[in-house]
Amino acid sequence: MATPTTPRNDSGPAATAARPSEPRPVPGGGGRRPGRVRRRGERGRAASVGLHATLLLAALIAVFPPFWLLVTSFKPKTDTFTRSLLSNFTLDNYDHVLNNTEFLTWFGNSVLIVLITTVIGVFISSTTGYALSRFRFPGMRPLMWTLLITQMFPMAVLIVPLYNLMSRYGLLNQPTGLIVTYLTIAVPFCAWMMKGFFDSVPVSIDESGRVDGLSPFGTFWRLIMPLARPGLAVTGFYTFVTAWAEVAYATAFMTGEENLTLAGGLQTFVNQHTQDWHLMTAAAVLIAVPAMLVFGYAQRHLQSGLTAGAIKS
C-alpha cells in the first residue's frame with residue numbers, strides 16, 4: 001500500500017536559511033531595487049567630469065603663455081601681434097639675436113655668475129643647515145631669526161641700501177657684486193630648508209662617524225652629504241633659478257651692454273626707445289632652454305627634497 005506523501009513546509013527556519021535572500025522592496029519605491037551606494041570619498045560621475053574639466057582648463061591656461069611666446073618668436077616683426085599660427089615662419093629673429101646683439105656676452109656673464117653663486121650658495125646653505133640641526137652654540141637662535149627675517153623684505157626695498165654698499169666698496173658693474181647679492185637672497189631660504197632635511201637624518205649616523213674617528217666636518221662631508229642629495233638638488237635648483245632669472249638687481253647694479261646678464265639684456269629689446277617684441281620673444285626662448293635642461297636633470301630629486309623635512313624621524 002502506497003504511503004501518503006506529506007506536503008513540504010517551506011516556512012520553517014531551515015527552509016528560510018536555505019533560500020537565497022531576496023531584496024526587500026524599498027518603502028515608497030514601487031518595489032525597485034536600491035541603487036549602488038557610493039563608498040565614502042568616492043566621487044560621482046558628474047563630479048569626476050567637472051574635476052577633470054577644471055584641471056584641463058587650468059593646464060591650458062598655464063601652457064598657453066609659453067606656447068604663444070614660442071610661436072611669436074618665429075614670426076616676423078609685422079606679424080608679432082597677429083593671431084595667426086606661423087603663417088610666415090622665419091628664423092631671422094634668432095639669427096639677429098645671436099649674431100647682431102651682445103646675447104652671447106650676456107650668456108657668458110650669466111653662466112659665470114650662476115655657477116659661482118650656485119656652488120657657494122649650496123656649500124654655505126648645507127653647512128649652515130647642518131650646524132643648526134646638529135649643534136647648540138651661543139647665538140644660534142638669533143642666527144635662525146636673522147635667516148627668517150631676511151626673507152620678509154621685498155627685493156625692491158633692498159635695492160637702495162645694497163646699491164650704496166656696492167658703490168662704497170667698488171662692486172658696481174662687477175660680477176662679484178651680483179654674486180654676493182644673489183647669495184643674500186638664496187642662502188637664508190636654502191639654509192632653513194637644509195636644516196629641515198638634516199633634522200630627518202638620524203643622529204646615529206653622526207655618532208657612528210665619530211666612533212670611527214671622523215671629525216665633525218668629516219662626518220658631514222663623508223656620511224651626511226651623500227644622503228643629502230635630494231636636498232642639495234633643491235638647494236642648487238633654487239639658487240640657480242634665483243641667479244638666472246633675477247632682473248631687478250641685474251639691471252640696477254650692472255650698466256653697459258658688455259656687463260649685463262641675460263635677464264638685464266632682455267630690457268634692451270623693449271624699452272622707452274625700442275619696441276622689438278619679436279626679438280625679445282626669441283631671446284626669452286633661448287634663455288628658457290638652459291633652465292629647462294637643469295630642471296629636467298634635477299626633477300627626480302626635487303619632490304623628495306622638498307618633502308624631506310616634513311616628517312622628523
* **Unmet requirement for K77, which otherwise passes all of (1) free of Cβ contacts under 8 Å to residues at least 60 places away in the same chain; (2) more than 24 Å from V247 (Cα to Cα); (3) surrounded by fewer than 16 Cβ atoms within 10 Å (Cβ to Cβ); (4) not β-branched (V, I, T)** => (1)
* **Residues that are under 20 Å from I287 (Cβ atoms), in a loop (DSSP other than H, G, I, E, B) and among the hydroxyl-bearing types (S, T, Y), drawn from region 65-89** => T80
* Counting just the residues of region 119-148 that are of a type in the set (K, R) and in a helix (DSSP H, G or I), which one comes out surrounded by the most Cβ atoms within 10 Å (Cβ to Cβ)? -> R134
* Structure fact -> Residue pairs within 6 Å by beta carbon, gap of at least six or interchain, first lying in region 252-270 and outside any helix (DSSP H, G or I), second among the acidic types (D, E), listed first then second, are F269/D276
* To do: May I ask you to list the residues in region 172-185 that are hydrophobic (A, V, I, L, M, F, W, C) and at pLDDT 90 or above?
  => L178, I179, V180, L183
* Asked: What's the number of the condition N173 fails, among (1) touching a residue at least 24 places away in the same chain (Cβ under 8 Å); (2) within 22 Å of G196 (Cα to Cα)?
  -> (2)
* Scan region 89-110 for residues that are under 21 Å from the mean Cα position of the chain (by Cα) and free of Cβ contacts under 8 Å to residues at least 40 places away in the same chain and report the count. => 0
* To do: Can you work out which of the residues in region 247-262 that are touching a helix residue (DSSP H, G or I) at 6+ places or on another chain (Cβ under 8 Å) and surrounded by fewer than 21 Cβ atoms within 10 Å (Cβ to Cβ) is nearest to L165 (Cα to Cα)?
  => A252
* Structure fact -> F153: passes all of (1) of a type in the set (F, W, Y); (2) at pLDDT 90 or above; (3) farther than 30 Å from L223 by Cβ but (2)
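The values are calculated or read from the model by the stated rules, or taken from the named source; none is laboratory data. Just so it is clear, the structure is predicted and the values come from calculations on it, not from any experiment. With ideal geometry, Cβ positions are generated from the backbone for all residues, glycine too; neighbour counts draw on all protein chains shown.
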